Amino acid sequence: MKKLLIFLCLIPLFFGCEVYDQPSRPQLTGGKWIFNDYKIVIINSIGDVVPIENDTICINSFNMQTQINGDIIMKQYYGDTSPEKRFVKNRTTWEFDNSGYTLYCGENYNRMARLDVTFPKYMRREYTEMEISGLSGDKTNYTFFTDAIGVNYPRKLTLTSPNITTDLLLSEARRELAVTIRIVLIFTR
């Protein structure tokens, strides 16, 4: 009987406690995200670049160029940009469906575009990248983070665009690399 009691006391020692923890997908669902700020990060340029910020930004190159007093003004054309790549402060809204893999985006819920969202590193259990399939079939990869992961309800979503390169249009239809930037988009709810 004594041997049986000692054996029963040793059984728990054979089964150790191990914590198995996986990153959970951010809770992007549960309400609309409102775009309210952005920052332009200059990666490299051929000269001094001064971003002129206003209430609108697009995730595309600055293809409208005008020369004024020796300076070159580069602008983005909002009208030719897909809805998922254009943002107006306090008007652009994003909302993820309950699965987190469908995104509805637009301005003040008008003409909301339905887009597919994937998390490319899902198989490695990393949730730092988001890929949005656009209406034209192209895909935009963002690096993102929220102020709460897992069971917490995040209030802030920060996305960083891929590099955006703009060429300088020279005479005789020549081009020269002018600037490479990234845009950091900030959503809150």
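Taken together, the values in this text are just the output of simple stated rules run on the coordinates, not laboratory data. Predicted model only: the values in this text are computed from it and were never measured. Here the Cβ positions follow ideal geometry from the backbone for every residue, glycine too, while neighbour counts run over all protein chains shown.
Between Asp138 and Ser99, what length in nm is gained on full extension when 0.36 nm per residue of separation is reduced by their alpha carbon distance?
Roughly 11.9 nm would be gained on extension.
For the residue pair Arg114 and Ser61, what label-to-label distance in nm results when each label sits 7 Å from Cα along the Cα-to-beta-carbon direction?
3.4 nm
Structure shown: which of Lys75/Lys139; Lys32/Lys139; Lys32/Lys156; Lys39/Lys139 lie over 18 Å apart, alpha-carbon to alpha-carbon?
With Cα atoms farther than 18 Å apart: Lys75/Lys139; Lys32/Lys139; Lys39/Lys139.
Note down the net charge around Asp147, summing +1 for each Lys or Arg and -1 for each Asp or Glu among other residues with Cβ under 10 Å from its Cβ.
Result for the neighbourhood of Asp147: +2.
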